Amino acid sequence: MASVTLQNVKKSFGQVDIIRSVDLLIADGEFVVFVGPSGCGKSTLLRLIAGLEDASGGDILIDDHVVNALTPKERGIGMVFQSYALYPHMTVYENIAFGLELNKESKETIEERVMNTARILQLEKLLKRKPKQLSGGQRQRVAMGRAMAREPSILLFDEPLSNLDAALRVQMRAEIKKLHARLGSTMVYVTHDQVEAMTLADKIVVLNGGRVEQVGTPFELYETPATTFVATFIGSPKMNLLTAKIVETGKHQTTLHLPHAGDLTVNVDSSELQKGDQVQLGIRPEHLNYVSRDKMTSSDKTIGTDKNSDTSNHSGLPVRNIEYLGNESFVYAGDDSMEEPYLARLSVPCRFVEGETVLLDIDPVHTHVFDSKGRALVRTQVDQPLAAQN
Ligand SMILES: Nc1ncnc2c1ncn2[C@@H]1O[C@H](COP(=O)(O)OP(=O)(O)OP(=O)(O)O)[C@@H](O)[C@H]1O
Ligand SMILES: [Mg+2]
(Lines give C-alpha, C1' and ligand atoms only; values in the text may rest on other atoms or scores of the structure.)
(Ligands and ions follow the chains in the order given, each with its own letter.)
Protein backbone atom coordinates (compact mmCIF):
# COMPACT_ATOMS: atom_id res chain seq x y z
CA MET A 1 0.00 0.00 0.00
CA ALA A 2 1.08 3.56 -0.55
CA SER A 3 0.34 7.21 -0.08
CA VAL A 4 0.46 9.77 -2.91
CA THR A 5 1.62 13.36 -2.51
CA LEU A 6 1.32 16.06 -5.14
CA GLN A 7 3.48 19.14 -4.60
CA ASN A 8 2.84 22.17 -6.80
CA VAL A 9 2.06 19.88 -9.74
CA LYS A 10 1.49 21.65 -13.06
CA LYS A 11 0.72 20.48 -16.56
CA SER A 12 0.54 22.48 -19.77
CA PHE A 13 -0.22 21.28 -23.25
CA GLY A 14 1.67 23.72 -25.47
CA GLN A 15 0.77 27.21 -24.24
CA VAL A 16 -2.32 26.08 -22.38
CA ASP A 17 -2.11 25.54 -18.62
CA ILE A 18 -4.37 22.62 -17.77
CA ILE A 19 -3.27 21.78 -14.22
CA ARG A 20 -2.34 24.90 -12.26
CA SER A 21 -0.34 24.16 -9.15
CA VAL A 22 -2.04 21.30 -7.35
CA ASP A 23 -1.04 20.33 -3.81
CA LEU A 24 -2.68 17.22 -2.47
CA LEU A 25 -2.19 14.44 0.05
CA ILE A 26 -3.74 11.03 -0.54
CA ALA A 27 -3.25 8.85 2.51
CA ASP A 28 -2.38 5.17 2.42
CA GLY A 29 -5.58 3.15 1.93
CA GLU A 30 -7.75 6.18 1.33
CA PHE A 31 -10.54 6.33 -1.28
CA VAL A 32 -10.20 9.72 -2.95
CA VAL A 33 -12.55 10.97 -5.64
CA PHE A 34 -11.70 13.75 -8.12
CA VAL A 35 -14.86 15.47 -9.22
CA GLY A 36 -15.50 18.49 -11.41
CA PRO A 37 -17.06 19.57 -14.69
CA SER A 38 -15.92 18.27 -18.05
CA GLY A 39 -12.52 19.62 -19.07
CA CYS A 40 -11.43 20.69 -15.56
CA GLY A 41 -8.41 18.37 -15.66
CA LYS A 42 -9.52 15.27 -13.73
CA SER A 43 -8.20 12.71 -16.23
CA THR A 44 -5.01 14.71 -16.75
CA LEU A 45 -4.32 14.73 -13.01
CA LEU A 46 -4.96 10.99 -12.80
CA ARG A 47 -2.68 10.34 -15.78
CA LEU A 48 0.03 12.42 -14.12
CA ILE A 49 -0.19 10.21 -11.02
CA ALA A 50 -0.13 7.09 -13.21
CA GLY A 51 2.91 8.31 -15.15
CA LEU A 52 1.06 8.41 -18.47
CA GLU A 53 1.78 12.15 -18.69
CA ASP A 54 4.91 14.04 -17.61
CA ALA A 55 4.38 16.92 -15.20
CA SER A 56 5.41 20.36 -16.47
CA GLY A 57 6.32 21.34 -12.90
CA GLY A 58 6.24 20.13 -9.32
CA ASP A 59 6.74 16.71 -7.75
CA ILE A 60 4.69 13.55 -7.48
CA LEU A 61 5.62 11.32 -4.56
CA ILE A 62 4.58 7.77 -3.77
CA ASP A 63 5.27 7.22 -0.11
CA ASP A 64 8.41 9.31 0.33
CA HIS A 65 9.88 8.83 -3.13
CA VAL A 66 9.67 11.29 -5.98
CA VAL A 67 8.39 9.24 -8.93
CA ASN A 68 8.38 11.91 -11.68
CA ALA A 69 10.97 9.98 -13.70
CA LEU A 70 9.45 6.52 -13.19
CA THR A 71 7.40 4.67 -15.82
CA PRO A 72 3.80 3.63 -15.02
CA LYS A 73 4.97 0.07 -14.41
CA GLU A 74 7.70 1.17 -12.01
CA ARG A 75 5.18 3.20 -9.99
CA GLY A 76 3.22 0.08 -9.04
CA ILE A 77 -0.08 1.55 -10.18
CA GLY A 78 -3.10 -0.15 -11.77
CA MET A 79 -5.51 1.86 -13.85
CA VAL A 80 -9.07 1.23 -15.06
CA PHE A 81 -10.27 3.45 -17.90
CA GLN A 82 -13.70 4.58 -18.99
CA SER A 83 -13.38 2.80 -22.32
CA TYR A 84 -11.66 -0.42 -21.46
CA ALA A 85 -11.13 -2.93 -24.23
CA LEU A 86 -11.02 -6.59 -23.28
CA TYR A 87 -9.32 -8.94 -25.72
CA PRO A 88 -12.33 -10.48 -27.47
CA HIS A 89 -10.63 -13.75 -28.43
CA MET A 90 -9.38 -14.42 -24.90
CA THR A 91 -11.30 -15.92 -22.01
CA VAL A 92 -11.86 -13.99 -18.79
CA TYR A 93 -8.98 -15.97 -17.25
CA GLU A 94 -6.65 -15.07 -20.11
CA ASN A 95 -7.67 -11.44 -20.04
CA ILE A 96 -6.85 -11.17 -16.36
CA ALA A 97 -3.62 -13.16 -16.78
CA PHE A 98 -2.38 -11.21 -19.79
CA GLY A 99 -0.49 -8.45 -17.95
CA LEU A 100 1.11 -10.98 -15.62
CA GLU A 101 2.32 -13.02 -18.59
CA LEU A 102 3.84 -9.91 -20.14
CA ASN A 103 5.62 -9.41 -16.84
CA LYS A 104 6.96 -12.96 -17.19
CA GLU A 105 5.50 -14.09 -13.87
CA SER A 106 5.69 -17.81 -13.11
CA LYS A 107 2.74 -20.03 -14.03
CA GLU A 108 2.00 -20.64 -10.33
CA THR A 109 2.02 -16.93 -9.51
CA ILE A 110 -0.29 -16.21 -12.44
CA GLU A 111 -2.70 -18.96 -11.40
CA GLU A 112 -2.73 -17.74 -7.81
CA ARG A 113 -3.21 -14.07 -8.70
CA VAL A 114 -5.94 -14.70 -11.26
CA MET A 115 -7.87 -16.97 -8.89
CA ASN A 116 -7.51 -14.51 -6.04
CA THR A 117 -8.68 -11.60 -8.21
CA ALA A 118 -11.59 -13.65 -9.57
CA ARG A 119 -12.65 -14.52 -6.04
CA ILE A 120 -12.62 -10.89 -4.91
CA LEU A 121 -14.56 -9.76 -7.99
CA GLN A 122 -16.87 -12.79 -7.97
CA LEU A 123 -15.79 -13.87 -11.44
CA GLU A 124 -14.85 -17.46 -10.54
CA LYS A 125 -17.72 -19.00 -12.47
CA LEU A 126 -17.06 -16.89 -15.57
CA LEU A 127 -13.36 -17.57 -16.09
CA LYS A 128 -13.87 -19.72 -19.19
CA ARG A 129 -16.19 -17.29 -20.95
CA LYS A 130 -15.26 -14.86 -23.70
CA PRO A 131 -16.11 -11.14 -23.24
CA LYS A 132 -19.09 -11.30 -25.62
CA GLN A 133 -20.72 -13.85 -23.29
CA LEU A 134 -20.67 -11.38 -20.39
CA SER A 135 -22.98 -8.57 -19.26
CA GLY A 136 -21.71 -4.98 -19.16
CA GLY A 137 -21.14 -5.14 -15.41
CA GLN A 138 -19.28 -8.43 -15.64
CA ARG A 139 -17.03 -7.02 -18.37
CA GLN A 140 -16.36 -4.02 -16.20
CA ARG A 141 -15.29 -6.34 -13.39
CA VAL A 142 -12.92 -8.16 -15.72
CA ALA A 143 -11.37 -4.81 -16.68
CA MET A 144 -10.90 -4.11 -12.98
CA GLY A 145 -9.50 -7.60 -12.48
CA ARG A 146 -6.87 -6.93 -15.12
CA ALA A 147 -5.70 -3.86 -13.23
CA MET A 148 -5.86 -5.60 -9.84
CA ALA A 149 -4.11 -8.86 -10.74
CA ARG A 150 -0.73 -7.18 -10.76
CA GLU A 151 -1.48 -6.31 -7.13
CA PRO A 152 -0.73 -2.61 -7.46
CA SER A 153 -0.51 -0.62 -4.26
CA ILE A 154 -2.52 2.16 -5.89
CA LEU A 155 -5.57 1.72 -8.11
CA LEU A 156 -6.71 4.56 -10.36
CA PHE A 157 -10.16 4.65 -11.95
CA ASP A 158 -11.16 7.07 -14.70
CA GLU A 159 -14.96 7.16 -14.96
CA PRO A 160 -15.11 3.36 -14.98
CA LEU A 161 -18.91 3.22 -14.80
CA SER A 162 -19.92 5.82 -17.35
CA ASN A 163 -20.65 3.25 -20.09
CA LEU A 164 -23.09 1.34 -17.89
CA ASP A 165 -26.82 1.85 -17.52
CA ALA A 166 -28.19 3.54 -14.40
CA ALA A 167 -29.12 0.37 -12.47
CA LEU A 168 -25.80 -1.29 -13.16
CA ARG A 169 -23.91 1.84 -12.11
CA VAL A 170 -25.59 1.71 -8.72
CA GLN A 171 -24.74 -1.98 -8.36
CA MET A 172 -21.12 -1.52 -9.47
CA ARG A 173 -20.74 1.49 -7.19
CA ALA A 174 -21.59 -0.72 -4.24
CA GLU A 175 -19.17 -3.40 -5.50
CA ILE A 176 -16.31 -0.93 -5.83
CA LYS A 177 -16.94 0.23 -2.29
CA LYS A 178 -16.85 -3.36 -1.04
CA LEU A 179 -13.72 -3.98 -3.08
CA HIS A 180 -11.98 -1.08 -1.41
CA ALA A 181 -12.96 -2.35 2.03
CA ARG A 182 -11.61 -5.82 1.16
CA LEU A 183 -8.38 -4.76 -0.55
CA GLY A 184 -7.58 -1.75 1.58
CA SER A 185 -5.52 -0.31 -1.29
CA THR A 186 -5.24 3.37 -2.03
CA MET A 187 -7.83 4.29 -4.67
CA VAL A 188 -8.20 7.43 -6.73
CA TYR A 189 -11.42 7.63 -8.68
CA VAL A 190 -12.43 10.21 -11.27
CA THR A 191 -16.03 11.07 -11.99
CA HIS A 192 -18.11 14.04 -13.00
CA ASP A 193 -21.07 12.48 -11.21
CA GLN A 194 -21.40 14.03 -7.78
CA VAL A 195 -23.61 11.20 -6.49
CA GLU A 196 -20.82 8.74 -7.24
CA ALA A 197 -18.37 11.07 -5.52
CA MET A 198 -20.56 11.44 -2.42
CA THR A 199 -21.27 7.73 -2.04
CA LEU A 200 -17.76 6.37 -2.66
CA ALA A 201 -15.28 8.84 -1.26
CA ASP A 202 -13.48 9.07 2.03
CA LYS A 203 -12.28 12.37 0.65
CA ILE A 204 -13.51 14.40 -2.33
CA VAL A 205 -11.28 16.74 -4.31
CA VAL A 206 -13.35 19.28 -6.25
CA LEU A 207 -11.45 20.53 -9.30
CA ASN A 208 -12.30 23.64 -11.26
CA GLY A 209 -10.27 24.93 -14.18
CA GLY A 210 -7.18 22.92 -13.24
CA ARG A 211 -7.17 24.05 -9.61
CA VAL A 212 -8.31 22.40 -6.40
CA GLU A 213 -11.42 24.25 -5.30
CA GLN A 214 -11.93 22.34 -2.02
CA VAL A 215 -10.90 19.07 -0.39
CA GLY A 216 -13.03 17.43 2.26
CA THR A 217 -15.23 14.55 3.31
CA PRO A 218 -18.60 14.33 1.55
CA PHE A 219 -20.18 15.72 4.74
CA GLU A 220 -17.82 18.70 4.89
CA LEU A 221 -18.35 19.61 1.26
CA TYR A 222 -22.12 19.39 1.57
CA GLU A 223 -22.42 21.17 4.91
CA THR A 224 -19.66 23.76 4.58
CA PRO A 225 -18.87 24.45 0.94
CA ALA A 226 -15.98 26.92 0.75
CA THR A 227 -17.11 28.57 -2.48
CA THR A 228 -20.24 29.07 -4.56
CA PHE A 229 -18.70 26.69 -7.11
CA VAL A 230 -18.59 23.82 -4.60
CA ALA A 231 -21.95 24.84 -3.14
CA THR A 232 -23.66 24.53 -6.50
CA PHE A 233 -21.66 21.55 -7.79
CA ILE A 234 -22.19 19.25 -4.80
CA GLY A 235 -25.84 18.45 -4.14
CA SER A 236 -28.60 17.73 -6.60
CA PRO A 237 -30.76 19.61 -7.35
CA LYS A 238 -28.32 22.42 -6.77
CA MET A 239 -28.31 25.02 -4.03
CA ASN A 240 -30.33 28.21 -4.55
CA LEU A 241 -28.17 31.35 -4.57
CA LEU A 242 -30.05 34.53 -3.75
CA THR A 243 -28.57 37.99 -4.07
CA ALA A 244 -28.75 39.85 -0.75
CA LYS A 245 -27.40 43.03 0.86
CA ILE A 246 -25.76 43.34 4.26
CA VAL A 247 -27.87 45.39 6.66
CA GLU A 248 -25.81 44.78 9.80
CA THR A 249 -22.31 43.29 9.97
CA GLY A 250 -21.03 41.31 12.95
CA LYS A 251 -18.42 38.84 14.14
CA HIS A 252 -21.07 36.30 15.11
CA GLN A 253 -24.29 37.36 13.48
CA THR A 254 -25.10 39.13 10.25
CA THR A 255 -28.36 40.65 9.11
CA LEU A 256 -29.10 40.52 5.41
CA HIS A 257 -31.83 42.02 3.29
CA LEU A 258 -33.28 39.70 0.71
CA PRO A 259 -35.58 40.88 -2.04
CA HIS A 260 -38.82 38.90 -1.80
CA ALA A 261 -38.17 37.93 1.84
CA GLY A 262 -37.07 40.93 3.88
CA ASP A 263 -34.42 40.85 6.63
CA LEU A 264 -32.83 37.67 7.85
CA THR A 265 -30.25 37.16 10.60
CA VAL A 266 -27.72 34.41 10.04
CA ASN A 267 -24.84 33.09 12.15
CA VAL A 268 -21.84 34.08 10.04
CA ASP A 269 -18.84 36.33 10.56
CA SER A 270 -19.15 39.38 8.28
CA SER A 271 -16.70 41.57 10.21
CA GLU A 272 -14.54 41.98 7.08
CA LEU A 273 -17.47 43.32 5.07
CA GLN A 274 -19.40 46.60 5.05
CA LYS A 275 -23.02 47.54 5.41
CA GLY A 276 -24.57 47.61 1.95
CA ASP A 277 -22.16 45.04 0.48
CA GLN A 278 -23.72 42.57 -1.86
CA VAL A 279 -23.50 38.90 -0.87
CA GLN A 280 -25.12 35.67 -1.95
CA LEU A 281 -27.27 33.63 0.35
CA GLY A 282 -27.21 29.92 -0.37
CA ILE A 283 -30.04 27.64 0.60
CA ARG A 284 -30.46 24.04 -0.46
CA PRO A 285 -33.78 23.09 -2.08
CA GLU A 286 -34.63 20.73 0.81
CA HIS A 287 -34.42 23.64 3.24
CA LEU A 288 -37.04 25.75 1.51
CA ASN A 289 -40.25 24.58 3.09
CA TYR A 290 -43.73 25.27 1.93
CA VAL A 291 -45.78 27.26 4.42
CA SER A 292 -49.48 27.01 4.28
CA ARG A 293 -51.07 30.48 4.53
CA ASP A 294 -53.35 29.32 7.37
CA LYS A 295 -50.46 28.12 9.53
CA MET A 296 -48.18 31.10 8.97
CA THR A 297 -47.02 33.02 12.03
CA SER A 298 -45.53 36.48 12.08
CA SER A 299 -42.06 35.06 12.86
CA ASP A 300 -41.92 32.89 9.78
CA LYS A 301 -39.31 34.08 7.31
CA THR A 302 -40.80 33.45 3.96
CA ILE A 303 -39.89 34.05 0.39
CA GLY A 304 -42.78 35.63 -1.37
CA THR A 305 -43.17 38.60 0.91
CA ASP A 306 -40.97 41.47 1.95
CA LYS A 307 -42.03 42.13 5.53
CA ASN A 308 -40.10 45.39 5.66
CA SER A 309 -42.06 46.94 2.87
CA ASP A 310 -45.41 45.42 3.56
CA THR A 311 -46.11 43.44 6.70
CA SER A 312 -49.56 42.37 5.73
CA ASN A 313 -49.15 41.33 2.15
CA HIS A 314 -48.03 37.74 1.86
CA SER A 315 -48.37 37.73 -1.85
CA GLY A 316 -46.17 34.71 -2.53
CA LEU A 317 -44.36 33.81 -5.70
CA PRO A 318 -45.96 32.18 -8.68
CA VAL A 319 -45.07 28.56 -9.38
CA ARG A 320 -43.33 28.42 -12.75
CA ASN A 321 -42.81 24.70 -13.04
CA ILE A 322 -43.31 21.51 -11.04
CA GLU A 323 -41.33 18.32 -11.48
CA TYR A 324 -43.18 15.44 -9.86
CA LEU A 325 -40.92 12.51 -8.91
CA GLY A 326 -43.35 10.40 -6.89
CA ASN A 327 -41.61 10.57 -3.50
CA GLU A 328 -40.97 14.30 -3.80
CA SER A 329 -41.58 17.25 -6.04
CA PHE A 330 -39.28 20.00 -7.27
CA VAL A 331 -41.17 23.26 -7.29
CA TYR A 332 -39.74 26.25 -9.18
CA ALA A 333 -41.22 29.53 -7.99
CA GLY A 334 -40.38 33.04 -9.12
CA ASP A 335 -41.76 36.23 -10.57
CA ASP A 336 -40.65 38.04 -13.73
CA SER A 337 -38.09 40.17 -11.86
CA MET A 338 -36.01 37.10 -11.01
CA GLU A 339 -33.44 35.65 -13.36
CA GLU A 340 -33.72 32.21 -11.83
CA PRO A 341 -36.67 30.90 -9.85
CA TYR A 342 -36.28 29.46 -6.37
CA LEU A 343 -36.20 25.71 -6.30
CA ALA A 344 -37.85 23.94 -3.39
CA ARG A 345 -37.66 20.21 -2.83
CA LEU A 346 -40.89 19.22 -1.18
CA SER A 347 -41.44 15.78 0.23
CA VAL A 348 -45.09 16.33 0.99
CA PRO A 349 -47.59 15.44 -1.69
CA CYS A 350 -47.59 18.59 -3.76
CA ARG A 351 -50.89 19.72 -5.17
CA PHE A 352 -49.77 23.04 -6.57
CA VAL A 353 -50.55 24.01 -10.07
CA GLU A 354 -48.42 26.19 -12.31
CA GLY A 355 -49.25 29.88 -11.87
CA GLU A 356 -50.49 29.44 -8.29
CA THR A 357 -48.66 31.54 -5.68
CA VAL A 358 -46.74 29.83 -2.88
CA LEU A 359 -44.91 30.92 0.26
CA LEU A 360 -41.57 29.30 1.02
CA ASP A 361 -39.95 29.34 4.45
CA ILE A 362 -36.19 29.90 4.92
CA ASP A 363 -34.58 28.45 8.03
CA PRO A 364 -31.53 30.69 8.72
CA VAL A 365 -29.69 27.77 10.39
CA HIS A 366 -29.46 26.03 7.02
CA THR A 367 -28.18 28.97 5.02
CA HIS A 368 -24.72 29.77 3.65
CA VAL A 369 -23.40 33.25 2.91
CA PHE A 370 -20.82 33.97 0.19
CA ASP A 371 -18.95 37.24 -0.43
CA SER A 372 -18.74 38.97 -3.81
CA LYS A 373 -15.82 36.71 -4.81
CA GLY A 374 -17.91 33.61 -4.06
CA ARG A 375 -16.05 32.66 -0.86
CA ALA A 376 -18.05 31.41 2.09
CA LEU A 377 -18.22 33.56 5.21
CA VAL A 378 -17.24 31.56 8.29
CA ARG A 379 -20.21 30.13 10.10
CA THR A 380 -20.35 30.82 13.81
CA GLN A 381 -21.70 28.47 16.40
CA VAL A 382 -25.43 28.30 16.22
CA ASP A 383 -25.93 27.51 19.89
CA GLN A 384 -23.60 30.19 21.23
CA PRO A 385 -25.30 32.21 23.96
CA LEU A 386 -25.93 35.76 22.81
CA ALA A 387 -24.04 37.23 25.77
CA ALA A 388 -20.87 35.44 24.71
CA GLN A 389 -21.13 36.62 21.17
CA ASN A 390 -20.59 40.32 21.68
N1 LIG B 1 -3.05 15.67 -25.00
C2 LIG B 1 -3.67 16.83 -24.91
N3 LIG B 1 -3.33 17.88 -25.67
C4 LIG B 1 -3.94 19.08 -25.55
N5 LIG B 1 -4.94 19.34 -24.68
C6 LIG B 1 -5.34 18.33 -23.89
C7 LIG B 1 -4.74 17.03 -23.95
N8 LIG B 1 -5.36 16.24 -23.03
C9 LIG B 1 -6.29 17.01 -22.44
N10 LIG B 1 -6.28 18.25 -22.94
C11 LIG B 1 -7.14 19.37 -22.53
O12 LIG B 1 -7.01 19.51 -21.12
C13 LIG B 1 -8.25 19.85 -20.52
C14 LIG B 1 -8.54 18.87 -19.40
O15 LIG B 1 -8.76 17.60 -19.98
P16 LIG B 1 -9.13 16.35 -19.08
O17 LIG B 1 -9.27 15.19 -20.00
O18 LIG B 1 -8.16 16.22 -17.97
O19 LIG B 1 -10.56 16.80 -18.51
P20 LIG B 1 -11.59 15.99 -17.61
O21 LIG B 1 -11.80 16.79 -16.37
O22 LIG B 1 -11.13 14.59 -17.46
O23 LIG B 1 -12.90 16.08 -18.50
P24 LIG B 1 -14.04 14.96 -18.81
O25 LIG B 1 -14.98 14.99 -17.62
O26 LIG B 1 -14.69 15.48 -20.02
O27 LIG B 1 -13.36 13.64 -19.00
C28 LIG B 1 -9.27 19.86 -21.63
O29 LIG B 1 -9.49 21.19 -22.01
C30 LIG B 1 -8.62 19.09 -22.74
O31 LIG B 1 -9.04 19.54 -23.99
MG1 LIG C 1 -11.85 12.73 -18.16
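The values are calculated or read from the model by the stated rules, or taken from the named source; none is laboratory data. Given the structure is predicted, the values throughout are model-derived calculations rather than measurements. Ideal geometry is used to build each Cβ from the backbone, glycine not excepted, and the neighbour counts take in all protein chains shown.
Can residue 307 be described as modelled with pLDDT of 85 or more and either over 20 Å from residue 286 (Cβ atoms) or surrounded by 11 or more Cβ atoms within 10 Å (Cβ to Cβ) (or both)?
Working: modelled with pLDDT of 85 or more: no; either over 20 Å from residue 286 (Cβ atoms) or surrounded by 11 or more Cβ atoms within 10 Å (Cβ to Cβ) (or both): yes.
So residue 307 fails the test.
Tell me, yes or no, whether the range 49-63 has at least one residue that is closer than 18 Å to residue 157 by Cβ and loosely packed, with under 14 Cβ neighbours inside 10 Å.
no
Look at residue 21 and say whether it is in contact (Cβ under 8 Å) with a residue 40 or more places away in the chain and within 16 Å of ligand 2 (Cβ to nearest atom).
Details: in contact (Cβ under 8 Å) with a residue 40 or more places away in the chain: yes; within 16 Å of ligand 2 (Cβ to nearest atom): no.
No.
Those residues that are modelled with pLDDT of 85 or more and in contact with a Leu (Cβ under 8 Å, 6 or more places away or on another chain), I need them from the range 323-339; list them, please.
Within the range 323-339, 328, 329, 330, 331, 332, 333, 334 meet the criteria.
Any residue that is under 11 Å from the mean Cα position of the chain (by Cα) and away from ligand 2 (no atom under 16 Å from the Cβ) - is there at least one of those in the range 188-196? Walk me through how you get there before you give the answer.
Within the range 188-196, the subset under 11 Å from the mean Cα position of the chain (by Cα) is 190-196.
Then drop every residue that is not away from ligand 2 (no atom under 16 Å from the Cβ), which leaves 195.
Yes, there is a match, as at least one residue in the range 188-196 is under 11 Å from the mean Cα position of the chain (by Cα) and away from ligand 2 (no atom under 16 Å from the Cβ).
Please find, within the range 167-217, the residue that is nearest to ligand 1 (Cβ to nearest atom) out of those that are hydroxyl-bearing (Ser, Thr, Tyr) and farther than 15 Å from residue 234 by Cα.
Just the residues of the range 167-217 that are hydroxyl-bearing (Ser, Thr, Tyr), to begin with: 185-186, 189, 191, 199, 217.
Those still in the list that are farther than 15 Å from residue 234 by Cα too: 185-186, 189.
Values: 185: 22, 186: 20, 189: 12 Å.
Top of the filtered list is 189.
Return yes when residue 265 is of a type outside the set (A, V, I, L, M, F, W, C) and at pLDDT 95 or above and no when it is not. It would help to see each step written out before you state the result.
Working: of a type outside the set (A, V, I, L, M, F, W, C): yes; at pLDDT 95 or above: no.
Considered against the rule, which asks whether it is of a type outside the set (A, V, I, L, M, F, W, C) and at pLDDT 95 or above, residue 265 comes out as no.
Out of the range 266-296, which residues are in a loop (DSSP other than H, G, I, E, B) and either under 29 Å from the mean Cα position of the chain (by Cα) or under 18 Å from residue 346 (Cβ atoms) (or both)? Walk me through it before giving the result.
The initial filter retains those residues of the range 266-296 that are in a loop (DSSP other than H, G, I, E, B), namely 267, 269-277, 284, 291-292, 296.
Listed by number, the residues that qualify are 267, 269, 270, 284, 291, 292, 296.
I'd like to know if the range 331-346 contains one or more residues that are of a type in the set (A, V, I, L, M) and in a helix (DSSP H, G or I). Steps first, answer last, please.
Taking the range 331-346 first, the residues of a type in the set (A, V, I, L, M) are 331, 333, 338, 343-344, 346.
Okay, now just the ones that are also in a helix (DSSP H, G or I), so none.
Checked against the condition, which is being of a type in the set (A, V, I, L, M) and in a helix (DSSP H, G or I), the range 331-346 yields no hits at all.
Residue under question is residue 140, and the condition is that it be assigned to a helix (DSSP H, G or I), polar (S, T, N, Q), in contact (Cβ under 8 Å) with a residue 12 or more places away in the chain and under 18 Å from residue 172 (Cβ atoms); does it hold?
On the way: assigned to a helix (DSSP H, G or I): yes; polar (S, T, N, Q): yes; in contact (Cβ under 8 Å) with a residue 12 or more places away in the chain: yes; under 18 Å from residue 172 (Cβ atoms): yes.
Taking the combined requirement at face value, the residue satisfies it.
Can you find even one residue in the range 169-184 that is touching a residue at least 40 places away in the same chain (Cβ under 8 Å) and in contact with a Lys or Arg (Cβ under 6 Å, 6 or more places away or on another chain)?
No; the residues of the range 169-184 include none that is touching a residue at least 40 places away in the same chain (Cβ under 8 Å) and in contact with a Lys or Arg (Cβ under 6 Å, 6 or more places away or on another chain).
Out of the residues in the range 8-62 meeting the condition of being within 13 Å of ligand 1 (Cβ to nearest atom) and of a type in the set (Phe, Trp, Tyr), tell me which one is farthest from residue 82 (Cα to Cα).
13
Could you tell me whether the range 113-120 includes any residue that is buried (at least 17 other Cβ atoms within 10 Å of the Cβ) and small (Gly, Ala, Ser)?
Yes, because at least one residue in the range 113-120 is buried (at least 17 other Cβ atoms within 10 Å of the Cβ) and small (Gly, Ala, Ser).
Among the residues of the range 80-99, is any assigned by TED's automatic domain parsing to the domain that holds residue 157, more than 16 Å from ligand 2 (Cβ to nearest atom) and on the phi > 0 side of the Ramachandran plot?
Taking every residue of the range 80-99 in turn, none turns out to be assigned by TED's automatic domain parsing to the domain that holds residue 157, more than 16 Å from ligand 2 (Cβ to nearest atom) and on the phi > 0 side of the Ramachandran plot.
Where residues in the range 314-330 are touching a strand residue (DSSP E or B) at 6+ places or on another chain (Cβ under 9 Å) and assigned to a loop (DSSP other than H, G, I, E, B), which of them is surrounded by the fewest Cβ atoms within 10 Å (Cβ to Cβ)? Working first, answer last.
Our first condition is that a residue be touching a strand residue (DSSP E or B) at 6+ places or on another chain (Cβ under 9 Å); within the range 314-330, this holds for 314-324, 328-330.
Okay, now just the ones that are also assigned to a loop (DSSP other than H, G, I, E, B), so 314-316, 328.
On the way: 314: 16, 315: 13, 316: 20, 328: 16.
Result: 315.
When you scan the range 61-98, how many residues do you find that are in contact with a strand residue (DSSP E or B) (Cβ under 8 Å, 6 or more places away or on another chain) and in contact (Cβ under 8 Å) with a residue 40 or more places away in the chain?
Step one: filter the range 61-98 for residues in contact with a strand residue (DSSP E or B) (Cβ under 8 Å, 6 or more places away or on another chain), giving 61-62, 66-68, 72, 75-82.
Within this subset, residues satisfying the condition of being in contact (Cβ under 8 Å) with a residue 40 or more places away in the chain are 61-62, 75-82.
Result for the range 61-98: 10.
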